[in-house]
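Novice: This is the structure, below, for whatever I ask next.
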Ligand SMILES: Cc1cc2nc3c(=O)[nH]c(=O)nc-3n(C[C@H](O)[C@H](O)[C@H](O)COP(=O)(O)OP(=O)(O)OC[C@H]3O[C@@H](n4cnc5c(N)ncnc54)[C@H](O)[C@@H]3O)c2cc1C
């Protein structure tokens, strides 16, 4: 995006900053602080936002759409491959989205916001005899949003698995600002989602169309790394999706 001297004083920026409940920075110092993560990569973002509310997130999405820029969600920023580096707007979730929302100790699940630190979650769970397994080395900094984003795991991943094996559902905002929940779907549930209107429906329709084509299936099975290697975090796990109920006789949910 071309930057002119009056870029940050233009009306869209002013409007976004004025309606924002959280913090919004365009100054060089803060942008420099967020120009890197734990990786060797470095790129100056356009701005840095610390959203406080879901409305802030929706405003950022609408702004990014209108200005044709990108949003870079970030929690602890300990990624090693430049995941949270880029020239769009860094959206730091680590300050205001830090709540543990609900615990069901009997059923063994907990609902958290993305900025909950993994070790702090386990301190909270300890009195209930519960433990969130994936032991990422950076667990005293790494947050659940980033663990989900990276499908993090750790030294005992053969026992504890990786984050996606423990993830029951994700509440998310799509690029049109709509709120969706991603969770395991059986065959009927998947078919129902394919009938939905809007962007959510289009996501499921596209997946169904891509994954049900025989030549795509063959290519995915041929080209993906061995499924018996558990620590595979690169790209989308299309090979695992092929083994789920809507596409395969197996009962495992999509
Ligand atoms: C010394 C060292 C050791 C490490 N060891 C391990 C290890 O043992 N195992 C391992 O898996 N990793 C390891 N890592 C990498 C990293 O620490 C982990 O993957 C960690 O879980 C990332 O969490 P984070 O909060 O720092 O995420 P971030 O780096 O902030 O983000 C990670 C990804 O999640 C996305 N994301 C974050 N929040 C959201 C959100 N709310 N919505 C959408 N997307 C979001 C980001 O855009 C990004 O793509 C290591 C890193 C270092 C520096």
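The values are calculated or read from the model by the stated rules, or taken from the named source; none is laboratory data. This structure is a prediction, so every number in the text was calculated from the model and none was measured. Quick reminder, even Gly has a Cβ in these numbers, built from the backbone with ideal geometry, and neighbours come from all protein chains shown.
Novice: So in segment 231-242, with the set limited to residues that are surrounded by 15 or more Cβ atoms within 10 Å (Cβ to Cβ) and in a loop (DSSP other than H, G, I, E, B), which one is farthest from the chain's Cα centre (by Cα)?
Specialist: Among those residues, the one meeting the criterion is 242.
Novice: Answer with yes or no whether residue 129 is more than 11 Å from the ligand (Cβ to nearest atom), at pLDDT 95 or above and on the phi > 0 side of the Ramachandran plot.
Specialist: yes
Novice: A further question on this structure: List pairs: first residue in segment 27-46 and at negative phi, second residue in a helix (DSSP H, G or I) and at pLDDT 95 or above anywhere in the structure, Cβ distance under 6 angstrom, at least six positions apart or on different chains.
Specialist: 44/31; 45/31
Novice: If residue 171 satisfies every condition in (1) more than 30 Å from residue 20 (Cβ to Cβ); (2) in a strand (DSSP E or B) but one, which is the exception?
Specialist: Every listed condition holds for residue 171 apart from (1).
Novice: When residue 175 is evaluated against the numbered criteria (1) surrounded by fewer than 16 Cβ atoms within 10 Å (Cβ to Cβ); (2) more than 30 Å from residue 64 (Cβ to Cβ); (3) modelled with pLDDT of 95 or more; (4) within 13 Å of the ligand (Cβ to nearest atom), which criterion, by number, is the only one it fails?
Specialist: In the conditions (1) surrounded by fewer than 16 Cβ atoms within 10 Å (Cβ to Cβ); (2) more than 30 Å from residue 64 (Cβ to Cβ); (3) modelled with pLDDT of 95 or more; (4) within 13 Å of the ligand (Cβ to nearest atom), residue 175 misses (2) alone.
Novice: Also, I was wondering about something else. Taking segment 130-167 only, how many residues are in contact (Cβ under 8 Å) with a residue 12 or more places away in the chain and part of a loop (DSSP other than H, G, I, E, B)? Give the derivation first.
Specialist: Of segment 130-167, the ones in contact (Cβ under 8 Å) with a residue 12 or more places away in the chain are 130, 132-164, 166-167.
Then drop every residue that is not part of a loop (DSSP other than H, G, I, E, B), which leaves 130, 132-142, 151-156, 161-162, 167.
Summing the residues that are in contact (Cβ under 8 Å) with a residue 12 or more places away in the chain and part of a loop (DSSP other than H, G, I, E, B) in segment 130-167 gives 21.
Novice: A follow-up question, please. Count, please, the residues in segment 216-230 that happen to be farther than 23 Å from residue 157 by Cβ and surrounded by fewer than 11 Cβ atoms within 10 Å (Cβ to Cβ).
Specialist: 3
Novice: So, one more: Please find, among 121, 80, the residue that is surrounded by fewer than 16 Cβ atoms within 10 Å (Cβ to Cβ), on the phi < 0 side of the Ramachandran plot and either touching a strand residue (DSSP E or B) at 6+ places or on another chain (Cβ under 8 Å) or not assigned by TED's automatic domain parsing to the domain that holds residue 138 (or both).
Specialist: 80
Novice: Right, next: Looking only at residues in segment 64-81 that are more than 21 Å from residue 174 (Cβ to Cβ) and either part of a strand (DSSP E or B) or over 15 Å from the mean Cα position of the chain (by Cα) (or both), which one is nearest to the ligand (Cβ to nearest atom)?
Specialist: For segment 64-81, the residue satisfying everything is 80.
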